[in-house]
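Peer 1: First, the structure itself, so that you have it in front of you.
The values are calculated or read from the model by the stated rules, or taken from the named source; none is laboratory data. Only a predicted model underlies this, so the values are computations on that prediction, with no experimental measurement involved. Cβ placement follows ideal geometry from the backbone for every residue including glycine, while neighbour counts extend to all protein chains displayed.
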Amino acid sequence: MQRRSFAAALVPALLALSPFIAPAVQAQTTEAAPQVIRISFPGAGTAGRPLSGGSYPASAHLFKEIDDEFKNDGIKIEWKFFPGAGPALNESFANGLTDVAFGHGDLPLIVGRSTGLRHKIVLSSGRFGSSYFVVPAGSTARSLADLKGKRLATFKGTAGQLTLYRWLDKYGFTDKDFRIVSLDNDSTKAALATGDIDGTNITPFDLQARGIAKSILEVRDDPKITRPGTVWVGEEFEKKYPQIVQRLVTRLVKVAYWSTQEANREKEFQAWATSGSQAYIDYKKDWESVPDLRTRINPLLDEYYVASITNSIEEAKRFKLIRKDVSLEGWLEPRYLNQALKELKLEDYWPQYDADGKLKAAPRKLASAQ
């Protein structure tokens, strides 16, 4: 009788508590940690080595920041690197094999969206940067006009293709004026050495030092030639694990902050060079005109970022690289970045730029400059 009386008394108590229990269980289900987070880079190091460089997301991998963030939770970080670059990353996501992308270029980002891939843009992986037009060392060409009808290389489907097309447009040409061939980074360097191509966009300093190629044109940090990279999270992953996404974004912002410290410049360049895609001298010389690293290492989704991706969409349509229109509506999700900046007290740390790439809000002065 005592047992039955206890059970009878317990049932009403549980029923009374059920409105409070159900939401808690539901919240736990929503926030149940994944066993693995699959993070992809749109590229790989020389000979396909699983490394990347040139950005603060690359540093997050090289210095094991993301692994450290989640190791006490028992969450495994599965890193993926694609020699097939942005298009291969799109294919991986379409097949349900990627949760997060660290640094997608503008063209494959847009192409993926136009084909129905659903992800949320949470950060910019970097911006600006210089662009160079390079020819074989023995070439007599001094301008793009000298290369008309010749073979130019780009990795089709990647951000590099749009960059090349912007170069051509800048000087009054189209892709129809040249023979455009598709080569990846390693193949492009080899083709320059053998003279199998007549020109390309690539960082030239290591190639020049080895007598393989030379630069005939360069544009330094022109917002109309280069476009920002993007960090995105799969839409389903973001809905299911918002707290995990927040931790991921906050850790990346911490890495971005570390990456902008002048004291870390050399250490970071040396780490980036381990991928082999670019030599240390390329980073050293390409960044020597950037006294404040925050100019390029900038995670913000400001007016410049929005305008840049909007312009890239228009260019992709004009160059007939996408068939369907793409809208930014519902694509950007800045709340994770905003929360990270607030939590880390970095709201005014990075410079903000307007739609034309001009400084709109100056950044906080660095301690060393005060």
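Peer 1: Report the residue count in the stretch 136-153 for those that are out of contact with any Ser or Thr (no Cβ under 8 Å at 6 or more places or on another chain) and in a strand (DSSP E or B).
Peer 2: Residues flagged as out of contact with any Ser or Thr (no Cβ under 8 Å at 6 or more places or on another chain) and in a strand (DSSP E or B) within the stretch 136-153 amount to 2.
Peer 1: Filter the stretch 287-311 down to residues that are touching a Lys or Arg at 6+ places or on another chain (Cβ under 9 Å) and acidic (Asp, Glu) and give me whichever is surrounded by the most Cβ atoms within 10 Å (Cβ to Cβ).
Peer 2: The selected residue is Asp302.
Peer 1: Which of the residues spanning the stretch 185-221 are of a type in the set (D, E, K, R), assigned to a loop (DSSP other than H, G, I, E, B) and in contact with a strand residue (DSSP E or B) (Cβ under 6 Å, 6 or more places away or on another chain)?
Peer 2: Once the filter is applied, which keeps residues that are of a type in the set (D, E, K, R), assigned to a loop (DSSP other than H, G, I, E, B) and in contact with a strand residue (DSSP E or B) (Cβ under 6 Å, 6 or more places away or on another chain), the stretch 185-221 yields only Asp198.
Peer 1: Going by what's in this entry, would Leu89 be described as free of Cβ contacts under 8 Å to residues at least 60 places away in the same chain, within 13 Å of the chain's Cα centre (by Cα) and assigned by TED's automatic domain parsing to the domain that holds Trp287?
Peer 2: yes
Peer 1: Might you let me know whether the stretch 166-178 holds any residue that is outside the structural domain of Asp282 (by TED's automatic domain parsing), outside any helix (DSSP H, G or I) and farther than 20 Å from Leu321 by Cα?
Peer 2: Yes; the residues of the stretch 166-178 include at least one that is outside the structural domain of Asp282 (by TED's automatic domain parsing), outside any helix (DSSP H, G or I) and farther than 20 Å from Leu321 by Cα.
Peer 1: Out of Leu301, Leu252, I need the residue that is in the same structural domain as Gly48 (by TED's automatic domain parsing), closer than 17 Å to Leu359 by Cα and touching a helix residue (DSSP H, G or I) at 6+ places or on another chain (Cβ under 7 Å). Which one?
Peer 2: Leu301
Peer 1: Could you check the stretch 104-126 and list, in sequence order, the residues that are in contact with a helix residue (DSSP H, G or I) (Cβ under 7 Å, 6 or more places away or on another chain) and in a loop (DSSP other than H, G, I, E, B)?
Peer 2: Across the stretch 104-126, the qualifying residues are Gly105, Leu117, Arg118.
Peer 1: So, in the stretch 310-336, exactly how many residues are touching a helix residue (DSSP H, G or I) at 6+ places or on another chain (Cβ under 6 Å) and aliphatic (A, V, I, L, M)?
Peer 2: Qualifying residue count for the region: 4.
Peer 1: Additional query: It is to be established whether one or more residues within the stretch 116-126 are more than 29 Å from Arg220 (Cα to Cα), crowded, with 24+ Cβ neighbours inside 10 Å and either modelled with pLDDT of 95 or more or not polar (S, T, N, Q) (or both).
Peer 2: Yes: one or more hits.
Peer 1: Pairs please, first residue from the stretch 104-132 and on the phi > 0 side of the Ramachandran plot, second anywhere and outside any loop (DSSP other than H, G, I, E, B), Cβ atoms under 6 Å, 6+ apart in sequence or on different chains.
Peer 2: Every condition considered, the pairs that remain are Gly126/Gly229.
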